[in-house]
Amino acid sequence: EYIDYLLSRRNRKGVTLNQARHNMAHNRNYFAAAMVGLGHADTMLAGVTCNYPKVIQPALQLVDMAPGIHRISALHMILQNRKLYFFADTIVNISPDVETLVEIALQTANFARELDIEPRVAILSYSNFGSSRNKQTTKLAAAIESIKEKDPSLNVDGEMMVDFAVNEELREQYYPFSSLKGNANVFIFPELNSANIASRMMNRLGNAEKVGPILTGFSKSIHVLHRGADMQEVMNMAAIASMDAIKKANP
C-alpha cells in the first residue's frame with residue numbers, strides 16, 4: 001500500500017517502481033511519512049541520525065501542505081529568564097523571497113497563538129525602517145506591507161535592528177511611528193544564516209533553552225530533531241508534535 005501511495009504521488013516526477021520499493025523497505029523516513037500521509041500514524045518525528053533534508057524530502061513528497069500554504073518553514077522556541085521567544089526560519093528557507101517571508105511570519109505568529117501567546121512580531125535587519133536602502137531592505141519592507149494586508153490584526157513591524165525590537169522605550173524614542181506595540185517575542189530573520197546562528201548562540205552562550213526545530217506548513221504533524229538530540233530534547237519535541245497532531249486533527 002505504501003509503495004503504491006509513493007508511486008501515485010511521484011510516478012511522473014522521477015520515481016520508479018524499484019525506487020519506491022527500495023525506499024519503503026530501507027528508508028524509515030519514507031515509511032513514516034507514508035504512515036502519516038495515509039492516516040496510519042498521527043505524527044512523524046525524526047532526524048537524530050540524519051540531516052534535515054533526509055527527513056523533510058520524504059515528508060514533502062508524501063504529506064500535503066496545509067490549505068493556502070506554498071512553503072514549509074521552521075522555528076525554534078527560545079526560553080530565557082522565564083520569557084519565551086520564537087525565532088524563524090531557522091533551518092528550511094536559505095534566502096527567502098518576499099512571499100516566503102510573509103508565509104514564515106504568518107505561520108510563526110499562528111503557532112504562537114496556538115500556544116495562547118499573543119505574537120509581537122519584528123522583521124529583523126541591520127537597517128531600521130528604511131535607514132539603508134538596497135535590494136535586501138526593500139524586500140523586507142515589501143514583506144511587511146504584505147503581512148499587514150493579509151493579517152491586519154497582527155502586531156508586526158520592521159525592518160528593524162534587534163536592539164529596537166526588544167526595547168519598546170528605545171523604539172518610541174527614535175521611531176515613534178512604529179506600529180509594533182510592546183517588546184517583540186517573535187523574530188523573523190532575513191535569511192537562514194542569521195536565524196540559525198542566533199538561535200544557537202542564545203542556547204550556547206546565553207544559556208537559553210532551545211526547543212525545535214518545529215516545522216510549520218504541513219497539513220499533518222511532521223517534525224524534525226537535530227542530529228544528536230538528547231533525551232530531554234526528544235521528549236520536548238514529542239510533546240510539541242503530539243500537540244500539533246491534536247490541533248490539526250481538530251482545527
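The values are calculated or read from the model by the stated rules, or taken from the named source; none is laboratory data. No experiment lies behind these values; they were computed from the predicted model shown. FYI the Cβ positions are ideal-geometry reconstructions off the backbone, even for glycines, and counts take in every protein chain you see. These area figures cover heavy atoms from the full protein model, side chains too; ligands, DNA and RNA do not enter into them. Shrake-Rupley method; radii C 1.70, N 1.55, O 1.52, S 1.80 Å.
Details
Yes or no, residue by residue, for (1) more than 29 Å from the chain's Cα centre (by Cα); (2) within 23 Å of ALA245 (Cα to Cα):
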{"site": "ASP4", "(1), (2)": "yes, no"}
{"site": "GLY14", "(1), (2)": "no, no"}
{"site": "ASN18", "(1), (2)": "yes, no"}
{"site": "HIS26", "(1), (2)": "no, no"}
{"site": "ALA33", "(1), (2)": "no, yes"}
{"site": "VAL36", "(1), (2)": "no, yes"}
{"site": "HIS40", "(1), (2)": "no, yes"}
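- Every residue from segment 65-86 that is open to solvent by 10 Å² or more (accessible area, probe 1.4 Å), closer than 14 Å to ALA109 by Cβ and among the hydrophobic types (A, V, I, L, M, F, W, C): ILE69, MET77, LEU84
- Close pairs (8 angstrom Cβ cut-off, 6 or more residues apart or separate chains): open to solvent by 20 Å² or more (accessible area, probe 1.4 Å) in segment 41-63, acidic (Asp, Glu) and outside any strand (DSSP E or B) anywhere: THR43/ASP244
- Subset of segment 1-27 that is of a type in the set (Lys, Arg) and farther than 15 Å from LEU60 by Cα - its residue that is modelled with the lowest pLDDT: ARG12
- Candidate set from segment 115-165 (those that are open to solvent by less than 70 Å² (accessible area, probe 1.4 Å) and touching a residue at least 60 places away in the same chain (Cβ under 8 Å)); member that is farthest from TYR175 (Cα to Cα): ILE117
- Every test in (1) modelled with pLDDT under 95; (2) of a type outside the set (Gly, Ala, Ser); (3) closer than 21 Å to GLN57 by Cα; (4) not in a loop (DSSP other than H, G, I, E, B) is passed by ILE94 save one, and that test is (4).
- Residue count, segment 167-197 (criterion: hydroxyl-bearing (Ser, Thr, Tyr) and under 20 Å from THR216 (Cα atoms)): 1
- Selection count where residues are open to solvent by 50 Å² or more (accessible area, probe 1.4 Å) and either farther than 15 Å from THR49 by Cβ or in contact (Cβ under 8 Å) with a residue 24 or more places away in the chain (or both), scope segment 215-230: 3
- Of residues in segment 194-211 being open to solvent by 10 Å² or more (accessible area, probe 1.4 Å) and of a type in the set (Gly, Ala, Ser), the one nearest to ASP89 (Cα to Cα): SER194
- Test: residue in segment 105-122 that is over 30 Å from ASN207 (Cβ atoms) and not in a helix (DSSP H, G or I): no
- Residue match in segment 22-31 (condition: assigned to a loop (DSSP other than H, G, I, E, B), closer than 23 Å to VAL224 by Cα and of a type in the set (S, T, N, Q)): yes
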